[in-house]
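The values are calculated or read from the model by the stated rules, or taken from the named source; none is laboratory data. Please read all numbers here as calculations on a predicted model, not as lab measurements. Positions of Cβ are backbone-derived with ideal geometry, glycine not excepted, and every protein chain shown enters the neighbour counts.
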Amino acid sequence: MAQPNLPNNPDPSPAQPPFVVEMRGIVKRFPGVLANDHVDFELRPGEIHALLGENGAGKSTLMNVLAGLYRQDSGVIKINGVPVTFSSPRDAINAGIGMIHQHFMLVPSQTVTENILLGLDNPRFILNLSRYDSKIAELGKQFGLEVDPRAKIWQLSVGEQQRVEILKMLYRGANVLIMDEPTAVLAPQEIEGLFSILRSMTAQGKSIIFISHKLNEITAIADRVTVLRRGKVTAAGQPARGLTRQQLANLMVGRDVIFNLEKKPVQRGEVVLDIQDVHADNDKGLPALRGVSINVCAGEIVGLAGVAGNGQRELSQVITGLRKCKQGRIYLNGETVSNRSVIFGIQRGMAYIPEDRTHVGTAPNLSVTDNVIMRKYRQSPISQYGLLNMPLAVKYANELKQAYDIIVPHVSTPVRLLSGGNLQRVILAREISGQPQFMVAVQPTRGLDVGAIEGVHRLLLAQREAGAAILLISEELEELLSLSDRIYVIYEGKIMGEVKIEPGEPDPGLIETIGLMMTGTPLEQIEQQGVRVHG
Amino acid sequence: MAEKTKLFTRIKFYRIRIEPRLSEPPAWYPPLISVGALILALILGGILIKLAGGDPIRSYAHIAKASFGNIGVISDTIVKATPILMTALACSIAFRMKLWNIGAEGQFIMGAFGASAIVLTKVLPPETSRWVFIPLMMLAGMAGGAIWGFIPGYLKAKFNVNEIISSLMLNYIAVAWVNFWIFAVWTEAGFQMSPKFPLNAWLPRLTDYAQNIPALSGLTTHMGLLFGILAAVILWLVVFRSCWGYEIRLIGDNPQAARYAGVNIAKNTLLVMMLSGALAGLGGMSEVSGMVHRLQTAPIAAGYGFTGIIVAWLSKLNPLAIIFVSILFGALILAGREIQPSGVPKMIQGIILVCLIASDFLLRYRVRIVNTAEEK
Ligand SMILES: Nc1ncnc2c1ncn2[C@@H]1O[C@H](COP(=O)(O)OP(=O)(O)OP(=O)(O)O)[C@@H](O)[C@H]1O
Ligand SMILES: [Mg+2]
């Protein structure tokens, strides 16, 4: 109302601008890193625009600029054609831009509705919660985001929590939704659910920016793709239809990526890890492992397939000494390792890549140097007589930085400033460099770019050729099939069966068998039925 | 008139917003903020002195003179700083592991008690050599503090009892315990204090060497300072250059990662609480043996343990920084004793504290003034 009438403005209803978001020449520099180097980015109304790039390419930085978390050093942002400057996330959300981070920012003890209303000026004090409950339920229904508004956050699965985050943004009037690696934390079925939500949102005019490292997801959901490499745009808004995985990978890393590495035949050695009838509880005290028996031999990679939450985490912890075994035994080279200390395993050449790199795998405020010596600081020459040899530790950290391509200005940088993929590299460097005899790798490629995944796969295969025994726990069936010599399938804490993987393209029957086992059908039953069908 | 309303509406549209800081502030920012906070505190203190009818400039000059004016008062400042230095070191190592040891006060008192017991139980004849007395008193002092640290440490490690509560409660028990002994057992002619220690149980002071170097006459700075500085340097080496210190830093930053690295958290909880107690206990020993020369509650239970918490925090838990910050606090305490009315330095001490602690906020948040009218 108070809007002054601009003189000489003959066009009262300008045509809908072609872009909801237009970023021009964005530059963002961090000490020692040029994270965004004159980046242009355009988002059309109602599209799903994928943002792709190697680890540390500057994707999160660019989106943090758009979401008002960082201020660009130079460059312009236009929303619906109007230049804006954001100096806080609140400014951005007022302009209709909402970002959903990889780590959810929800209060576990509060309900969905309370979390959504939290921090809003209106209502400042919640008097009549149930009125908002129904409002939120309605909003949820509109976009296919079904969650119970009265449920407490801690009761929800990761996928449901993500929906709450989306609802939170929609409730604040977000028109553009930025999702930074939303699928990294989801199980395969949940990913399907997320995709149908995204489609229903774009159908109602919302626009979505989607960051992911999984190329098959990009080709499945995105309308257009923008690719970043080392802070620069290498492909701007190309239509995603028709792009192959290989082409995408090429744009990202600037070379051909080999998806199926050649697996050299390796003579299988002695049994290294032998797990016999292991039972263990989870954090809540409920049985998580119910009689698991598997073994891993020298020179082989054994995969453990299964939908997340079927005991994989607990199994890795029991092996590495972080969790007590209630029954059964675990032997490493014939020596009992179950119910011993973590150091016991470390001293016997056991390496462990934990699934949670920020909460378990690293100490965020300590330096890269402090983080790479985490599992060998007791050993000479890093320490002698209880004293750390810091110059040597720094030298060692620099060697690993070189050898494993960790992008960080200096090894004294606290690791919380590293990009996701670089953090994973710090962990990998630390674990693999010790020439382990046995290794448990849990989701070792989660959050890594295709080039880096290839690198990790090479490293794992090299370890196998060097005679290490590797237990690979992953939810990526494709990864398991291309690396493993054998695959066990776990379901509700029990092993459903074991299959051998022959070199070459896996046959569809085998994949189907694994899929059936993952949903709880034991192998014997599948085989009996198979016999019946054929008979 | 019109001007005024316009100004008013303009102000109305400005709002102050506080937002979490997402990127690291540059390296020069934290020290600048601390200095700024100090200056602000002095200005605020000055205003209050003015309001109370005093002359701020003269009061400050007086405080400065009372604590750094000549070699004599500098020595007194150092004497005051010594116990704070020890308790701050004690707190810093526990806080580094995110163990909130609020019991340095009690550990300090028990250290004083342990050291005194060596003298007062008369296990050694009073003419025993210094070379026997002092080391034994040091050991006993550290043991007394360590035991007082062990109790909350054990409760935490074994039963996950909150160490804040248990260590705090132990402070009161320590005072009552010492009171019992000086009232009932070691009382000096019915007074609430023990007899004076024999000279050989005193820590050497600068003034003891006045015969050879007359300039040292009257300077009561004692060897406790040396213990403190040595302890600070050793503690720095332990924290940043030893495996044990590495484990402590790891637990403090991420206990889950520490477990993954094979660190025994329960064991370290016990050890760190005992080390923390032993450092505070050594402070108690140095105070009775270097300064008070008898066991007496009032000068021992003077709140050094609590000041230590603040000093440790302001020094960002860095043992070397603690040396300087505790001297600053020693000066403020001394000034408090010297000037009348003694409320002024206490008040300034409080204001400095509030400002410094509040300034920490600016490291983690930024304050912006926004025009809400523009947003609409
Ligand atoms: N706050 C910060 N301070 C210093 N450097 C930073 C900061 N944030 C990011 N960087 C650096 O900027 C570069 C780009 O990081 P960014 O997080 O944008 O990468 P990304 O493309 O999201 O990578 P990933 O796929 O691994 O998540 C990296 O080299 C990173 O180390
Ligand atoms: Mg990122």
Legend entry - In segment A:429-455, residue nearest to ligand 2 (Cβ to nearest atom) [restricted to those that are over 15 Å from the mean Cα position of the chain (by Cα) and assigned to a helix (DSSP H, G or I)]: A:Gly451
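Among B:Ile229, B:Ile234, which is in a helix (DSSP H, G or I) and within 13 Å of another protein chain (Cβ to nearest Cβ)?
Testing whether each residue is in a helix (DSSP H, G or I) and within 13 Å of another protein chain (Cβ to nearest Cβ) leaves just B:Ile234.
Limited to segment B:257-266, what total is found for residues that are crowded, with 19+ Cβ neighbours inside 10 Å and either at the interface with chain A (Cβ under 7 Å from one of its Cβ atoms) or not in a helix (DSSP H, G or I) (or both)? Break it down stepwise before answering.
First pass over segment B:257-266, keeping only residues crowded, with 19+ Cβ neighbours inside 10 Å: B:257-258, B:260-263.
Keeping just the survivors that are either at the interface with chain A (Cβ under 7 Å from one of its Cβ atoms) or not in a helix (DSSP H, G or I) (or both) gives B:257, B:260-263.
Adding up the residues that qualify gives 5.
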Legend entry - Residue, surrounded by the most Cβ atoms within 10 Å (Cβ to Cβ), within segment A:416-428, restricted to residues that are within 14 Å of another protein chain (Cβ to nearest Cβ) and away from ligand 2 (no atom under 14 Å from the Cβ): A:Val426
Inset, instruction - Answer yes if at least one residue in segment A:285-300 is surrounded by fewer than 15 Cβ atoms within 10 Å (Cβ to Cβ) and basic (Lys, Arg), and no otherwise. - result: no
Legend entry - Close pairs from segment A:187-204: first under 19 Å from A:Asn310 (Cβ atoms), partner of a type in the set (A, V, I, L, M, F, W, C) and exposed (fewer than 14 other Cβ atoms within 10 Å of the Cβ), Cβ under 7 Å, at least 6 apart: none
Inset, instruction - Determine if segment A:48-67 includes at least one residue that is more than 23 Å from the chain's Cα centre (by Cα) and either of a type in the set (Phe, Trp, Tyr) or modelled with pLDDT of 90 or more (or both). - result: no
Legend entry - Members of segment A:189-240 found to be more than 14 Å from ligand 1 (Cβ to nearest atom) and on the phi > 0 side of the Ramachandran plot, listed by number: A:Gly205, A:Gly237
Inset, instruction - Output yes when any residue across segment B:128-136 is in a helix (DSSP H, G or I) and either touching a Gly at 6+ places or on another chain (Cβ under 6 Å) or β-branched (Val, Ile, Thr) (or both), and no when none is. - result: yes
Inset, instruction - State all residues of segment A:250-264 that are touching a residue at least 12 places away in the same chain (Cβ under 8 Å) and loosely packed, with under 15 Cβ neighbours inside 10 Å; if no residue qualifies, say none. - result: A:Gly254, A:Arg255, A:Ile258, A:Asn260, A:Leu261, A:Lys264
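Modelled with pLDDT of 90 or more, over 19 Å from the mean Cα position of the chain (by Cα) and closer than 30 Å to A:Asp405 by Cβ: does that describe A:Val302? Talk me through it step by step, then tell me what you get.
Values: modelled with pLDDT of 90 or more: yes; over 19 Å from the mean Cα position of the chain (by Cα): yes; closer than 30 Å to A:Asp405 by Cβ: yes.
Yes, satisfied.
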Inset, instruction - All but one of (1) within 16 Å of ligand 2 (Cβ to nearest atom); (2) at positive phi hold for A:Gly144, so report the exception by its number. - result: (1)
Inset, instruction - All but one of (1) under 30 Å from A:Ile275 (Cβ atoms); (2) away from ligand 1 (no atom under 16 Å from the Cβ); (3) surrounded by fewer than 23 Cβ atoms within 10 Å (Cβ to Cβ) hold for A:Ile319, so report the exception by its number. - result: (3)
Inset, instruction - Search segment A:389-412 for residues being β-branched (Val, Ile, Thr) and either more than 16 Å from ligand 1 (Cβ to nearest atom) or surrounded by fewer than 18 Cβ atoms within 10 Å (Cβ to Cβ) (or both), and hand back the single one that is nearest to the other protein chains (Cβ to nearest Cβ). - result: A:Val394
Inset, instruction - Determine whether B:Ile300 is more than 14 Å from every other protein chain (Cβ to nearest Cβ) and surrounded by 24 or more Cβ atoms within 10 Å (Cβ to Cβ). - result: yes
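The rows are residues; the columns are (1) assigned to a strand (DSSP E or B); (2) more than 26 Å from A:Leu460 (Cβ to Cβ); (3) touching a helix residue (DSSP H, G or I) at 6+ places or on another chain (Cβ under 8 Å).
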| position | (1), (2), (3) |
| --- | --- |
| A:Gly291 | yes, yes, no |
| A:Gly299 | no, no, yes |
| A:Leu304 | yes, no, yes |
| A:Ala308 | no, no, no |
| A:Ser316 | no, no, no |
| A:Arg323 | no, no, yes |
| A:Ile330 | yes, no, yes |
| A:Asn339 | no, yes, no |
| A:Gly345 | no, no, yes |
Legend entry - Given (1) touching a strand residue (DSSP E or B) at 6+ places or on another chain (Cβ under 7 Å); (2) within 16 Å of ligand 1 (Cβ to nearest atom); (3) among the small types (Gly, Ala, Ser), index of the condition A:Gly68 fails: (1)
Inset, instruction - Output the qualifying pairs, or none if there are none: Cβ atoms under 8 angstrom, residues six or more apart or on different chains, first residue in segment A:417-430 and among the hydroxyl-bearing types (Ser, Thr, Tyr), second residue within 10 Å of ligand 2 (Cβ to nearest atom). - result: A:Ser419/A:Asn55; A:Ser419/A:Gly56; A:Ser419/A:Ser60
Inset, instruction - Considering each residue of segment A:358-380, count those that are in contact with a helix residue (DSSP H, G or I) (Cβ under 6 Å, 6 or more places away or on another chain) and more than 10 Å from every other protein chain (Cβ to nearest Cβ), and give that number. - result: 3
Inset, instruction - Quick one: B:Asn254 ticks every box in (1) of a type outside the set (Val, Ile, Thr); (2) in contact with a strand residue (DSSP E or B) (Cβ under 6 Å, 6 or more places away or on another chain); (3) under 30 Å from A:Met350 (Cβ atoms) except a single one, so which number is it? - result: (2)
Inset, instruction - Please work out which one of (1) of a type in the set (Ser, Thr, Tyr); (2) touching a residue at least 60 places away in the same chain (Cβ under 8 Å); (3) within 15 Å of ligand 1 (Cβ to nearest atom) is the condition A:Ser482 fails and give its number. - result: (3)
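So that you can scan it fast, the table gives a plain yes or no per residue for (1) more than 16 Å from ligand 2 (Cβ to nearest atom); (2) in contact with a helix residue (DSSP H, G or I) (Cβ under 8 Å, 6 or more places away or on another chain); (3) within 14 Å of chain B (Cβ to nearest Cβ); (4) at negative phi:
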site: A:Arg24; (1), (2), (3), (4): yes, no, no, yes
site: A:Pro31; (1), (2), (3), (4): yes, no, yes, yes
site: A:Glu42; (1), (2), (3), (4): yes, no, no, yes
site: A:Pro45; (1), (2), (3), (4): yes, no, no, yes
site: A:Ile48; (1), (2), (3), (4): yes, yes, no, yes
site: A:Gly68; (1), (2), (3), (4): yes, yes, yes, no
site: A:Arg71; (1), (2), (3), (4): yes, yes, yes, yes
Inset, instruction - Kindly indicate whether any position in segment A:44-56 is free of Cβ contacts under 8 Å to residues at least 60 places away in the same chain and among the basic types (Lys, Arg). - result: no
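Just to be sure I understand, how many residues within segment A:51-71 are outside any helix (DSSP H, G or I) and within 20 Å of B:Val367 (Cα to Cα)?
Looking only at segment A:51-71, we keep the residues that are outside any helix (DSSP H, G or I), and these are A:51-58, A:67-71.
Narrowing the set further to residues that are within 20 Å of B:Val367 (Cα to Cα) leaves A:67-71.
So the answer is 5.
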Inset, instruction - Could you tell me whether segment A:317-331 includes any residue that is at the interface with chain B (Cβ under 7 Å from one of its Cβ atoms) and either among the basic types (Lys, Arg) or free of Cβ contacts under 8 Å to residues at least 60 places away in the same chain (or both)? - result: yes
Inset, instruction - Examine segment A:77-87 for a residue that is surrounded by 18 or more Cβ atoms within 10 Å (Cβ to Cβ), more than 16 Å from ligand 2 (Cβ to nearest atom), more than 14 Å from chain B (Cβ to nearest Cβ) and under 16 Å from A:Ile26 (Cβ atoms), and state whether such a residue exists. - result: yes
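When segment B:173-192 is examined, which residues are found to be under 18 Å from B:Met273 (Cα atoms) and within 19 Å of the chain's Cα centre (by Cα)?
Of the residues in segment B:173-192, the ones under 18 Å from B:Met273 (Cα atoms) are B:173-174.
Correct list: B:Ala174 only.
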